[in-house]
Every structure is written in C-alpha cells, then in structure tokens.
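Read-outs: derived from the displayed coordinates by stated rules, not from any lab. None of these values were measured; they are calculated from a predicted model. Cβ sites come from the backbone with ideal geometry, for glycine too, and all protein chains shown count toward neighbours.
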Amino acid sequence: MDNYLMIERLKKAGVHFDTGLSSHEIKEIESTFGFRFPKEIASFLSCAYPIGDRFFDYRDTSQRNVDKFCDFRKNIEDSFVFDIEYNMGSLQAMLKDFLGEFTSVCKFKEAVMQSLESSPKLVPFYGHRCFFDGMDDMPVVSFEQAVDTIIYGYDLENYLEAEFFTKNDDIISEEIYDSIDKKLKATGIWYYIID
C-alpha cells in the first residue's frame, strides 16, 4: 500500500490527521499499552496519525486512556462470558473442533478462557474495529460478541477501502478467503470464532 496516496484519499473522505508517530513514540505506545503494532499499521501511523472520536488515541498515554484500553480488552473477555451463559450452544458448536465437547458449563468456560488468554490480543483501531497484537498482514476484525465477530478487511488497505470509500456487501472471493483462512490459523481461538 502506498501510505501517502491512501492518506490523501482519506483526507478527501473527511479523515483528519496529525503528524505521524515517530519510532520513539511507537516504542513508547507499545510499552505503555503492552502490545506490538503490526508492521503495516506502524508504517501507516508513522506517515500520518488519524485523529477523531472513533480512532483510539494512542498518543494519550494517561492512566485514564490506559484504563480505557484495558476496558476494551475486558469487554472482549466479558462478551465470551456472556456468550457462554446465553449462547453456549452456538459458541460450543463454533469451538467444538478446537476445544472438543463439554457437558459441564464450568469446564467449557475454563477451556474457553484459557484459549482466549493464550491467543493473540485484539487491539482497537477505529470504533470496534481491531487488529491482532503483533501479527503482520492479518485481517482487521470487528468484535462485539464471540458469536458476532466479522472481518472488515483482509488487510489494512482493504479495510481502509471498505470503511471509508466503498459501501458494498460483496462477498469475499474464494481466493481471498483462502488467504485469510491460512493466516488466521495462527491465531488460535480467533480462527474458530471468525471462521
């Protein structure tokens, strides 16, 4: 992706930008919030830094914003707990190949929470759209509940195109799906949730 061309297009679409993140800022942000930007996102943010209510403000390293980041992560965990309580059948069907079958709700919950803890963390980008902690060339996903997780773009460029320029409901081609499928296999529980 040509970052500068994409940034100019995004500006025309109404996205506002601040100066890009320096390599020092990127390291400070990653240290403060405890994750690693994927390479393509770090590259994009180093060229220009999107600002606005829906973009997560990583430049704000105050405790209040760190707590907001932690709340985002806690909400993901809470949504799994909710789905175990209220949508266990659907969640269990999704995760059967990954976790096996359970007759005990407590054992299923324990297995799900252990898998969630060992899987890559989702990190907020824009609204409820997230990227995978430290995983390069991965899709941008939206996570509301475990049983309602969707792909918003198969990489950062595709996501930006879909979010800010096109509003279509085209089905992802089989070739792109296969590519995403191969990448997602490395994400543990997320592969089974998103698939």
| Which FRET efficiency value, to the nearest 0.05, do you get for Asp67 and Ser104 by plugging their Cβ-Cβ distance into 1/(1 + (r/R0)^6) with R0 = 25 Å? | 0.15
| query | What spacing in nm lies between the two simple spin-label points modelled at Val81 and Ser118, each 7 Å away from Cα in the Cβ direction? | reply | 2.2 nm
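Net charge near Pro38: determine it from the other residues with C-beta under 10 Å of the C-beta of Pro38, scoring Lys and Arg +1 and Asp and Glu -1.
-3
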| task | Find the all-direction average of the projected area of the Cα convex hull for the range 114-195, expressing the result in square nanometres with one decimal place. | result | 5.3 nm²
| remark: The summed charge of the Tyr86 Cβ neighbourhood (under 13 Å; Lys/Arg +1, Asp/Glu -1) stands at -3
| note | For the range 1-102 the mean separation of alpha carbon contacts under 8 Å (6+ apart) over residue count, i.e. relative contact order in percent, is 27 percent
| remark: Toy charge model, Lys and Arg Cβ at +1, Asp and Glu Cβ at -1: the chain dipole around Cα centroid in debye, rounded to 20, equals 440 debye
| said: Only counting other Cβ atoms within 10 Å, I'd like Arg129, Arg59 sorted with the fewest neighbours first. | reply: Arg59, Arg129
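Any idea what the relative contact order of the chain is, in percent, if you count C-alpha pairs under 8 Å spaced at least 6 apart?
It rounds to 21 percent for the chain.
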| Within a Cβ distance under 10 Å of Tyr152, other residues only, what is the Lys/Arg minus Asp/Glu net charge? | 0
| Among Ser118, Ser142, what is the fewest-to-most ranking by other Cβ atoms within 10 Å? | Ser118, Ser142
| remark: Footprinting proxy, Leu99, Leu5: sorted fewest to most Cβ within 10 Å, the residues are Leu5, Leu99
| Picking from Phe35, Ala162, Tyr192, whose Cα lies most toward the positive end of the charge dipole for the chain (charges on Cβ: Lys, Arg +1; Asp, Glu -1)? | Phe35
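Run the numbers for Met88 and Met1: contour at 0.36 nm per residue of separation, minus the present Cα-Cα distance, in nm.
Taking 0.36 nm per residue and subtracting the Cα distance, the gain is 27.3 nm.
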| field | Two-decimal log10 I(q)/I(0) for the range 59-194, as the Debye equation yields it once each C-alpha is a single scatterer, q = 0.10, 0.11, 0.16 Å⁻¹ | value | -0.36, -0.43, -0.89
| field | Cα-projected label distance for Ser23 with Asp181, points at 7 Å along beta-carbon direction, nm | value | 4.0 nm
